[in-house]
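Have a look at the structure below before the remarks.
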């Protein structure tokens, strides 16, 4: 039995379980999310940290085709240069190698590819701590988030994508006898063969904030359906994906496949190479996470490729009424603080009826709401040691500059405060800022990525719902969070969110945040508004990544 | 129980059977293909003819929103004007009505929509003869083909698309309880709701040759997933789709839905309205069958819509060796004659090794092959009464002009002959033309839609396979037909066809033709080469036509 066949046999139960999970859509996880020594091994955390540290200031060798020098210029939001040099590759040679690698991978069939793909994910799981530190120190995330989002949660998203693709491929029979009865004599009989063929080279364009979590679905969906994949990380967050590529190449090689099925194209902010890459005719699939401007450009300018985007937008909170004002405010404050609002699911615009929020203790005026929100943010961030484990660090210069640009703005309702990181004094840590704006303020209509929220008082709840719908259709939104104890209002918000294509969370007052999105259960991005044209993960995300080649011959 | 719920209950067994058929991919049909009085009723044929005739020279009332006058200018390839006037609609009013019709349709849910959609198909089946005559006299098809292709076979393609879409929608639970175990205390519990939401207005751009067969998959896939559909027929083949729209509106109205979920935008060749239609922001889905130039334009210029194309290309025959030279030549001659080569699956380029085709009686030189092919075409078309039932009539002026343009070409190997139709003396009936060309002749590299084939003698079989692959990657091809008794050669051709994205038929010597494509079993168009970006029907054809709106709330 081939290595890949053995891997498939080994991982088949896990794959079946994942398929059951995407159909039931209840809670399930294949990879433990606790960074615990009892689960991952007593030395796993130290080993991971040591592994990460050993990368710093070194060349990251990957034996890539067309290597002609070195590139890379990552600076950590925690205040230091990583100093890692990645292979700088000639694109023609890299893509030629990717194309050359595909026929053998395609011919191996869905089972072999699924076996190898799941094995890659399992190996990534074993490297979770190393990838967690790589992710923390490039994205600026706090440690626990980095561990979960770049480790087990990203691995779950990868397995989810593999399960979707596997389910689609497994539904197609490879051989069929077609017998059409005839009015006279025996039936017409045709032997039909169906073979899954890849679309072409896939490109995964990584983001700086969640390089693994957002990158793995496209990577594994393209790979398992028979395509080669070029991973193009964000120039500030290369390391987590470089380790991923290293692991994938290692497993491919061990399984007897061409490692050039997964390659890395690293670059720098000064000499970006994404456009050059995606415009190549070999590229048939592009997965992108990042800003709306470049995402729109990709959607409009690559007729030769299928483009899947997650671009984010203006996420919304609608605060109408609540049974638990404290819970509501604490939940919302946590949502705003978590990773300094640098999640594509963080609420940005808080829509509140101008006459206040109804509570069991009477109406809470808007000014009172601002005061308790401020208080809740202060409580969450009072202790610097705890605060930095919630806030993380500001990932990009642009995000920091935008935040600082509002410092003296007359619209500030809650100012942002700097916090000194106990272990990384140069880390840029800030609490969230709240601005007040009218519904027609341009501020309310554009994405302000990072720790900037905008409070908009509206003329009643219907105006809030209407504004939410219109903003989402125009500027995009991934999430809405709403609070209402009035079933009719909640229903109107539900209908508006569905029509606008936003994922809605209602009356969250406990530990679950609107920011979170669970693999196998939550559809991340809806695909129906400008926040992105694809969803992680649904059938549409995988079905166009392969084609079926058909043969007929008389039986 | 609502009308739609009753329809779903009634049609559920048929839908389940269709889902089983797309999974097994063996022979199955829901609608009898024989135009027999015993099946469709003794008077069905006469009634259908009378129904069709009653349309001629009359306005075709459809009660469409925004009707501001009349349009239409269909001339039959059988030599007469249909003289039917269709509503000429204001696009803004038509689309506003389509948009307004969607929420109720979306809210009704997948079961109600599937019930109504299958009911429409059943009603179309009952109108098969009327639609057959409408299709025959607009497309130029012979009667039997028109009956099958616009009747039962198109209805099967419609049911197939409904089954694919239904299967996808049915996999998504509407309500789920998500329970995540916690290390302390009870689980985190969330109630999740999933609702299927439509993408937007769908547009189906019909073709002149197979308006129903090619139009129904997109129409029903978009409709059943919750979208409204504007049907934009080819100006020369409006009637079959106008009747279809009439039937759909009737069923929708009877089921309590807004009939404007299915509307018609008719136009003329002089004042085409397709571009104006598809550029509207309300349009989210476009299904197109037609020429490569406009298909390419649609693929590249509608970033706001998902575009599904079938554009055709340069279909190929590779003739290496055969056990049954007579069967091979008869089969090929029939393929070329059937509907005068006006099928997107008709072979165009016949690639033959210059040293001839190997047969049990020795090598058949290329000249001998041309002679027996000529003979076979003459035998099939000797009797005019029989010939017209095979050839039909030339649909378009452009096809006729192209054919006639080659009349005196020095490359002609088999000339085209006119045939006088016994009942329609003005019908333009022609036998197929065969040209001889070298591999690098530009003639071999472009689509010559209609009864024009090109024989290309290649330097051995490998050159033929290489040329087939390259032509298909460059110009597109839906089908290849190959003859080889050598397993290794057949395998090389199979690999090349799979890599090029063409559907391959091997060693067809009997009644099955490469032209034919069976619902529930054959993938029509692969989506992997320039002949089209979509396949009728696979999961990718339906999965992006709807989105899932999600709601979470604490349990």
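The values are calculated or read from the model by the stated rules, or taken from the named source; none is laboratory data. All values reported here derive from a predicted model rather than from experimental measurement. Please note: Cβ atoms are built from the backbone with ideal geometry, for glycine as well, and neighbour counts cover all protein chains shown.
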Check: Out of (1) more than 15 Å from the chain's Cα centre (by Cα); (2) away from chain B (no Cβ under 14 Å), what's the single condition that is false for residue A:196?
Finding: (2)
Notebook entry, point to check: What do you reckon, is residue B:221 in contact with a helix residue (DSSP H, G or I) (Cβ under 8 Å, 6 or more places away or on another chain), in a helix (DSSP H, G or I), within 21 Å of residue B:521 (Cα to Cα) and in contact (Cβ under 8 Å) with a residue 40 or more places away in the chain?
Noted result: yes
Note to self: Tell me yes or no: at least one residue of the stretch A:246-254 is out of contact with any helix residue (DSSP H, G or I) (no Cβ under 9 Å at 6 or more places or on another chain) and part of a helix (DSSP H, G or I).
What the structure shows: yes
Margin query: Would you confirm, using the coordinates I've provided, whether residue A:115 is touching a residue at least 12 places away in the same chain (Cβ under 8 Å), in contact with a helix residue (DSSP H, G or I) (Cβ under 8 Å, 6 or more places away or on another chain) and more than 14 Å from chain B (Cβ to nearest Cβ)?
Written below: yes
Notebook entry, point to check: Which one of the conditions (1) crowded, with 24+ Cβ neighbours inside 10 Å; (2) within 21 Å of residue A:312 (Cα to Cα); (3) at pLDDT 95 or above does residue A:526 fail to meet, given that it meets all the rest?
Noted result: (3)
Note to self: Which numbered condition in (1) surrounded by fewer than 24 Cβ atoms within 10 Å (Cβ to Cβ); (2) within 14 Å of another protein chain (Cβ to nearest Cβ); (3) touching a helix residue (DSSP H, G or I) at 6+ places or on another chain (Cβ under 9 Å); (4) modelled with pLDDT of 95 or more is the only one that residue B:308 fails?
What the structure shows: (1)
Check: In the set A:439, A:444, which member is surrounded by fewer than 20 Cβ atoms within 10 Å (Cβ to Cβ), at pLDDT below 95, touching a strand residue (DSSP E or B) at 6+ places or on another chain (Cβ under 7 Å) and more than 12 Å from every other protein chain (Cβ to nearest Cβ)?
Finding: A:439
Notebook entry, point to check: If we only count helices (runs of 4 or more DSSP H) wholly inside the stretch A:35-144, which ones have 3 or more residues that are surrounded by 15 or more Cβ atoms within 10 Å (Cβ to Cβ)?
Noted result: A:44-55, A:91-126, A:128-139
Checklist line | Residue in the stretch A:202-220 that is within 14 Å of another protein chain (Cβ to nearest Cβ), under 25 Å from residue B:528 (Cα atoms) and either at pLDDT below 95 or surrounded by 23 or more Cβ atoms within 10 Å (Cβ to Cβ) (or both) present | finding: no
Note to self: Tell me the residue from B:500, B:477, B:482, B:490 that is buried (at least 19 other Cβ atoms within 10 Å of the Cβ), closer than 15 Å to residue B:336 by Cα and in contact with a strand residue (DSSP E or B) (Cβ under 8 Å, 6 or more places away or on another chain), please.
What the structure shows: B:482
Item checked: Cβ pairs under 8 Å, 6+ apart, first in the stretch A:8-34 and more than 12 Å from chain B (Cβ to nearest Cβ), second loosely packed, with under 14 Cβ neighbours inside 10 Å and outside any helix (DSSP H, G or I) -> A:9/A:1
Next item on the list: Quick one: in the stretch A:280-298, of everything that is over 19 Å from the mean Cα position of the chain (by Cα) and either surrounded by fewer than 15 Cβ atoms within 10 Å (Cβ to Cβ) or within 14 Å of another protein chain (Cβ to nearest Cβ) (or both), which residue is nearest to residue A:526 (Cα to Cα)?
Entry: A:297
Notebook entry, point to check: Are any of the residues in the stretch B:147-168 without any contact (Cβ under 8 Å) to a residue 40 or more places away in the chain, at the interface with another protein chain (Cβ under 9 Å from one of its Cβ atoms) and either crowded, with 24+ Cβ neighbours inside 10 Å or in contact with a helix residue (DSSP H, G or I) (Cβ under 8 Å, 6 or more places away or on another chain) (or both)?
Noted result: no
Notebook entry, point to check: Which of the residues spanning the stretch A:438-455 are under 24 Å from the mean Cα position of the chain (by Cα) and assigned to a helix (DSSP H, G or I)?
Noted result: A:445
Next item on the list: Considering only the stretch A:170-185, state which residues are more than 7 Å from chain B (Cβ to nearest Cβ) and not in a loop (DSSP other than H, G, I, E, B).
Entry: A:170, A:175
